[in-house]
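The values are calculated or read from the model by the stated rules, or taken from the named source; none is laboratory data. Nothing here was measured: the structure is a model prediction, and the numbers come from that model. Glycine gets a Cβ as well: all are built from the backbone with ideal geometry, and neighbour counts include every protein chain shown. The protein model used for the area step is the full one, side chains on, heavy atoms only, and it has no ligands, DNA or RNA in it. Shrake-Rupley method; radii C 1.70, N 1.55, O 1.52, S 1.80 Å.
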Amino acid sequence: MKNIALLLLSILIFSSCNNFDDPIPGGSTLETPILTSKLMGADKVLLTWTSEQICTGSCPSFVPATYYEIWTKSLTTTTNYKLAETQAGEMSFLVEGLEPGVKQEFHVIAKRANVSNKTNRVMVVPNELPAHEVIFGKQQFEYITNPQVSPNGQTIAYSVSEAGSTAKPQQVFLYDLKSKAHSLIAENGKYPSWSASGEALLFVSGSENSSSTKEYNVASGNVKEYVSNSFQSYFPVFGAADTTMLYFLDSLGEGDSGIVQFELRKDTLRLIRQEEIMENVQIPLLGMNYSAEENTLAYSLTFPKETIPGFSYDLVGIDPGSPSALRNLEVSEWNDSNPSFSREDSDLLAFVSDRSGVAQVWIKNLTSGQLVQVTDLKESERINSGIAGLSWDDNNLYVNVQGAQGSTGLIRIDVSSLLGN
């Protein structure tokens, strides 16, 4: 009986140490780390988490975890299982032996005393990443925004925004890939978008409380204004046969925000799909693109989700002829934005997603559902989804990135190795 009592006492002591050792000081809170992933090859990924916390005003006192649990789930199953543990201060873990091309999710649990906090979840699809090359750059906080390559692959249309300036409007430029010459085409403009023929560009001019949609004729240099109002217009694109213009209109609380279709030859305008704008969302829509082959307008819109901000961006699409039917192109708990259809294969949709923990370029095959990660930019280069522009030229993807000390650049990525070409 005495031995049994001692055994029970030992179990209680061990249990007590396991649950209450290293207590959290009064007035402090256990950290909630932020997890990111980095592809290290076709079969391995490095998971890294940081205890840096984002807060405004008076920040609470955060304490580190005693240890961390790494959990994973293959997207071919619904089972989560613990992969490994690391001790205090060990905030990275190399996962090896992954199956190339197979989606897998990870999250980390920070533990101390009786408290557990989960990180965000990340998704990886292991593959060898293609290299990228810089086409041109800007310095001293002149940000390249929304670049788009022309249908013939010879010219880049882009706008430039001066960081921190709300009074100075953005400007629209053309960049000739052969001569490497830049030419200013509009003193006030943003969101440039090519016609299918490459003969014209659409863009938006305006100020904080008004906007107008305009067309630039490449051959003549003439600019024609189509629509001007007191609302904000976003991401105009040419529709079927370059005879219509489609864009997103934010009525600034007037109750008629949504997708607008403008008949260029008839000068007629109508709201074809109303969209509810969530409160406290600074940018209601991130990117818009039209596929003539699919007759699909793709765009990224906020939807309520069980996430920390209470929403995330999903990729959806409509047929402008029957806009009541909404097609889910990519719906997840992550932020998916800036859609761009391949001109060679409309099954391929490139987009920006933060599913790896930070914004990267991904490609989805809309028929098979296969996802591939295209970039793994870190620290010195990053993608800002609020100003990013994605576009295709054959098997090349163009996207703008932000660098250190206020620089931005346009990069080109040959994705043929990821597509099996």
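Tabulated values for the structure
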| quantity | calculated |
| --- | --- |
| Computed FRET value (nearest 0.05) for Ala196 with Asp22, which takes r as the C-beta separation and R₀ as 60 Å | 0.40 |
| Degrees between helix 2-20 axis and first principal axis of the chain (Cα, 0 to 90, nearest 10) | 30 |
| Dipole of the chain [Lys/Arg +1, Asp/Glu -1 at C-beta], most positive-end residue of Ala298, Phe248, Leu377 | Leu377 |
| Under 15 Å from the Arg382 label point (7 Å along Cα→beta-carbon), backbone N, segment 320-358 | 353-358 |
| Entries of Lys38/Lys364; Lys38/Lys305; Lys73/Lys305; Lys73/Lys118; Lys103/Lys378; Lys38/Lys138 with Cα pairs more than 23 Å apart | Lys38/Lys305; Lys38/Lys138 |
| Cα lying deepest toward the dipole's positive end in segment 108-222, options Phe141, Ala219, Ser197, charges on Cβ | Phe141 |
| Overall Cα dimensions of segment 91-195, principal axis frame, Å, largest first | 61, 36, 26 |
| Simple Cβ-charge dipole of segment 179-323, Lys/Arg +1 and Asp/Glu -1, about Cα centre, in debye nearest 20 | 400 |
| Point-charge dipole on Cβ atoms (K/R +1, D/E -1) for the chain, about Cα centre, debye to 20 | 560 |
| Heavy-atom accessible area per residue - the chain, 1.4 Å, Å² | 48 |
| Mean Cβ count within 10 Å, highest first, over the residues of peptides 302-310, 351-359 | 351-359, 302-310 |
| Per-residue [θ]222 nm for the chain (sum of -39500 (n - 2.57) over DSSP H runs n ≥ 4, rounded to 500) | -1500 deg cm²/dmol |
| Euclidean distance of C-alpha centroids, segment 171-242 and segment 88-145, integer Å | 36 |
